[in-house]
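The structure under discussion appears below in the form of structure tokens.
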Number of protein chains: 4
Amino acid sequence: MSLDASIKEIRQQVADLHAELPRNDLVVWTAGNVSARVPGHDLLVIKPSGVSYDEITADAMVVTDLHGNLVDGDRKPSSDTAAHAYVYRNLPHVNGVVHTHSTYATAWSARGEAIPCVLTMIADEFGGEIPVGPFALIGDDSIGQGIVETLRDHRSPAVLMRNHGVFTIGRSARDAVKAAVMCEDVARTVHISRQLGNPIPIAPADIDSLYARYQNVYGQEPAA
Amino acid sequence: MSLDASIKEIRQQVADLHAELPRNDLVVWTAGNVSARVPGHDLLVIKPSGVSYDEITADAMVVTDLHGNLVDGDRKPSSDTAAHAYVYRNLPHVNGVVHTHSTYATAWSARGEAIPCVLTMIADEFGGEIPVGPFALIGDDSIGQGIVETLRDHRSPAVLMRNHGVFTIGRSARDAVKAAVMCEDVARTVHISRQLGNPIPIAPADIDSLYARYQNVYGQEPAA
Amino acid sequence: MSLDASIKEIRQQVADLHAELPRNDLVVWTAGNVSARVPGHDLLVIKPSGVSYDEITADAMVVTDLHGNLVDGDRKPSSDTAAHAYVYRNLPHVNGVVHTHSTYATAWSARGEAIPCVLTMIADEFGGEIPVGPFALIGDDSIGQGIVETLRDHRSPAVLMRNHGVFTIGRSARDAVKAAVMCEDVARTVHISRQLGNPIPIAPADIDSLYARYQNVYGQEPAA
Amino acid sequence: MSLDASIKEIRQQVADLHAELPRNDLVVWTAGNVSARVPGHDLLVIKPSGVSYDEITADAMVVTDLHGNLVDGDRKPSSDTAAHAYVYRNLPHVNGVVHTHSTYATAWSARGEAIPCVLTMIADEFGGEIPVGPFALIGDDSIGQGIVETLRDHRSPAVLMRNHGVFTIGRSARDAVKAAVMCEDVARTVHISRQLGNPIPIAPADIDSLYARYQNVYGQEPAA
């Protein structure tokens, strides 16, 4: 496929995946963004800054290089583009990144507290706790560095950036969106469980067993 | 009705009932599943593994035997099929099974705590507390055994599997879906009530009276 | 208007008002019901028992006398009809009754705790606290008596029946539905406020002033 | 543009923006209202009193002077018009005002407690805590005075009026609606974070840096 055709297809995928964020109650107003790497090129496709979810179309998406410089599109890229770009530069197996301020995950992040692995679905999808990354200001590579350094030590595709929100990664943009949806779902369930007592931990060996099975057996083909 | 016609009808019912899960906010992404027994045959109809709720049609449903082996359909059955199959093998009056990770019920399950009977609607539908089943790994009959052994001692059609989620049973698949909806509704209401104090218990004799009445008088015909 | 024309019109109103219950998240599955008095006759119109909100049409509604006996319609009346009928027999100014198990209001009822008047919107609509009625079994006039005796001592059009749910009354069925919507909204807001401390009470004279103004000035004509 | 054409356009904007209130779950029944100043004239456009969100059209909106007297329209203006008018008389840079009883923000207001700046999105949009205004009865300028005096000391475009609800202001009516949406979102996230511990404060210098950047860099053009 030509680069033009590939970008056209990815613009459509990224536009379609953005619809999952409001649909799954992960965002309000113009917050949140999804990006995808253009395979084989130092390019990514992302949402423009401050644009309403009603206005998101394939054509409205923008293309930048992996330092966040606009390459194609009419509008300014998302103000989170630098963080996405840093992830793609440093984690070559990642092809999709999602950022949200989803409520329960962000509530854990504001306390600087990881989400413990007390549900089989956390073991399945995250392979252990969902970790917390550092407090970082927007404007340079601080957020990107915080994401990459935190995720390197965990199987989790999600990181709670302190006082801020969630970043998720995936081998595809769809996988990163799935991780964002699951992260909020388990953040909410564990929060509610903890309100009335202490959830029972799952033994590390059981977590390993659940994670291995889910990553290899679940779905219609090996997780991709 | 021929077996083929019967299966065709049940595929449609099971596909339609799956729509109730997202509609009642019991599932996110591809989680959750509904199955129905094929009456008079050692067969069940269930959702394929890892399939989106948007893609669910009668034709997409799969047919397995009561050990979870694929009999008809293009896709791999739900990874929870073994648990459904075990229930049908061991509880002959059950014709429908539902599994979800619905938030409030799962939050109770993560603490290993039964939902107490403190609402008339719990007495009506569940006839007492909603019990907790054991922690069990996926992959053999452990989950199915946990469901069956727990429900044998209770009037409740719902069981909270520890650190995991909810299974419900019914004389029809629709009844099992109703139990899943009601289970999450009461899990949420009792949780919220408990946040600010102690709900008042209902006397056992009143629970019996409410349960007997609801099972026999409510609706347009005897509960089926 | 003839009695037939009047009943036809009220069937349509009652069917339309039922749609407000799921729309405002006050009910799940088949729970909840709205009734209206047939003015000048000892008759009421109500939802049949155990019927899905998707199936509610004007024709599906049933007509009973003020002791709950079926007068017109194909189906068995709601199992709560006796309570509605008792209210109409004993409170002649009431022309509409609503019953729900809405989550937050029911959570207060399970603790047997009234909702304190700590919001201007509670003063406006309820004129003080929303009171708790007794625990009562379904099947005779106990529920109706509990509603009437509790509301006689309060300005509130809503009563929290212990361990059960909410009943609201109104000079019209639409007013009773509004009271049910507002009751859940304030039950939720006060619950959430109380989770992190103590809401500040509103002085009784201010409650009186707010109530008098809202009942007489708000909206496009005097409250009816 | 003529005054007539200008009013026609603003009626449409105000009608359209009202749809954002139920869409973002900020209101129930007929509560809540949005107004806009008619630029260059001592006039505002607002919703009529007690009107359902389904009935809101450009034509249904009403025009009043900046003391709340009806200038154009068939219906009585919102009972909150005096508060909106007071804001426009006293804050000349404000062109839009929104009022809601959104749940979490109102819960903070009932305790008379400001929302602390513990999330980067609070720093971005509100530039510090979201303050509490006084308890004030409806009927004179008390509410308007409370709003103006409280907001004068803060960068926040939102104020929590004690035991009542939220008022937000903006350089446009759309900005005021955005502030109302963001206010509820952060009220909810900080509430949930506080339920299980203490959110970590953000240093004042970081708040200043985040606020300055967001007000000047975010979106497709300088914030307007």
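The values are calculated or read from the model by the stated rules, or taken from the named source; none is laboratory data. Since the structure is predicted, the reported quantities are computational estimates derived from the model, not experimental observations. Note that we place each Cβ from the backbone using ideal geometry, even for glycine, and neighbour counts take in every protein chain shown. Accessible surface areas use protein heavy atoms only, side chains included; no ligands, DNA or RNA. Shrake-Rupley method; radii C 1.70, N 1.55, O 1.52, S 1.80 Å.
Model label points for residue A:72 and residue A:5, set 7 angstrom from Cα along the Cα-to-Cβ axis, are 1.3 nm apart.
Take every pair of alpha-carbon atoms less than 8 Å apart whose residues are at least six positions apart; their mean separation over the length of segment D:3-142 yields a relative contact order of 21 percent. Taken over the Cα atoms of segment D:75-130, the convex hull encloses 129 Å³ per residue. The apolar share of the surface of segment B:76-224, taken as the fraction of accessible area on carbon and sulfur atoms (1.4 Å probe, ligands and nucleic acids excluded), comes to 49 percent. Using Cβ point charges alone (K and R +1, D and E -1), the dipole size of chain D about the Cα centre works out to roughly 260 debye. Extension gain for residue A:19 to residue A:171 (0.36 nm times residue separation, less C-alpha to C-alpha distance): 52.8 nm.
Remark: segment D:82-87, residue by residue, has Karplus-estimated 3J(HN,Hα) of 4, 5, 4, 4, 4, 4 Hz, where x stands for each Gly or Pro and the curve is 6.51 cos²θ - 1.76 cosθ + 1.60 at θ = phi - 60°. Note on chain A: Rg/Rh from Cα positions, Kirkwood definition for Rh, rounded to two decimals, is 0.97. Take the alpha carbon atoms of segment C:157-222, find their center, do the same for segment A:177-224, and report the distance between the two centers in whole angstrom. Using only Cα atoms, the two centres lie 41 Å from each other.
On association of chains C and B, roughly 2900 Å² of accessible area becomes buried (total for both chains; probe 1.4 Å).
Summarised in one figure, the compactness ratio Rg/Rh of segment B:52-99, Cα atoms and Kirkwood Rh, is 0.98. Normalised by 2.2 N^0.38 Å, where N is the number of residues, the C-alpha radius of gyration of segment C:104-217 stands at 1.03. Less than 5 angstrom separates the built amide H of residue D:133 from those of D:160, D:161, D:162, all sequence-distant by 5 or more or on a different chain. Using a 7 Å projection from Cα along Cα-to-Cβ, the label point at residue C:89 is separated from the same position in the remaining copies by 5.7, 5.7, 8.0 nm, smallest value first. Coupling constants for segment B:187-192 follow from the phi torsions by the Karplus curve (6.51 cos²θ - 1.76 cosθ + 1.60, θ = phi - 60°), and in residue order they are 4, 6, 5, 5, 3, 5 Hz; glycine and proline get x.
Per residue, the average separation of C-alpha pairs within less than 8 Å and at least 6 apart gives segment B:76-224 a relative contact order of 31 percent.
Copy C relates to copy A by a rotation, and the C residue whose beta-carbon is nearest that axis, with the distance in whole angstrom, is C:195, 4. Computed about its Cα centre, the charge dipole of the protein assembly as shown is approximately 1000 debye, with only Lys, Arg, Asp and Glu carrying charge at their Cβ. Note on segment D:92-170: Kirkwood radius taken over Cα pairs, Stokes-Einstein applied at 20 °C and 1.002 mPa s, translational D equal to 171 µm² s⁻¹. Based on protein heavy atoms only, the protein assembly as shown ends up with 36 Å² per residue of surface accessible to a 1.4 Å probe. When the helices of the protein assembly as shown are scored as -39500 (n - 2.57) per DSSP H run of n ≥ 4 and the total is divided over every residue, the value at 222 nm lands at -13000 deg cm²/dmol. Counting from the shortest, the label point at residue C:197, 7 Å from Cα toward Cβ, is 2.1, 2.1, 3.0 nm from the same position in each remaining copy.
Taken about its Cα centre, segment A:55-125 carries a charge dipole of about 240 debye when Lys and Arg each add +1 at the Cβ and Asp and Glu each add -1 at the Cβ. When the Cα positions of D:85, D:156, D:15 are compared along the charge dipole of chain D, D:156 comes out farthest toward the positive end, with charges on each C-beta of Lys, Arg, Asp and Glu. In this structure the amide hydrogen of residue C:218, modeled in the peptide plane, comes within under 5 Å of no amide hydrogen from residues 5 or more places off or on another chain. Interface burial in segment D:113-130, defined as at least 10 Å² less accessible area with all protein chains than with the chain alone at a 1.4 Å probe, covers D:118, D:119, D:120, D:121. Computed from the alpha carbon atoms alone, the convex hull of segment D:48-151 holds 134 Å³ per residue.
Take residue A:2, push a point 7 Å out from Cα through the beta-carbon direction, and compare it with the same point in every other copy: 5.3, 5.3, 7.4 nm, smallest first. Across all Cα pairs in the protein assembly as shown, the calculated P(r) in 20 Å bins from zero up to the longest distance comes to 14, 43, 36, 6 percent per bin. In order along segment C:198-206, phi translates into HN-Hα couplings of 10, x, 7, x, 9, 4, x, 5, 5 Hz, rounded to whole numbers, per the Karplus curve 6.51 cos²θ - 1.76 cosθ + 1.60 with θ = phi - 60° and x for Gly and Pro. The calculated P(r) of segment D:175-224, using every Cα pair and 10 Å bins from 0, goes 20, 38, 35, 6 in percent.
Of interest is the spacing of the C-alpha centroids, which for segment C:39-97 and segment D:1-16 amounts to 47 Å.
Collect residues whose amide H, placed 1.01 Å from N in the peptide plane, falls under 5 Å from the amide H of residue D:102; neighbours closer than 5 in sequence don't count. Long-range HN contacts for residue D:102: D:166. What the Cα convex hull of segment C:1-99 gives, in volume per residue, is 86 Å³.
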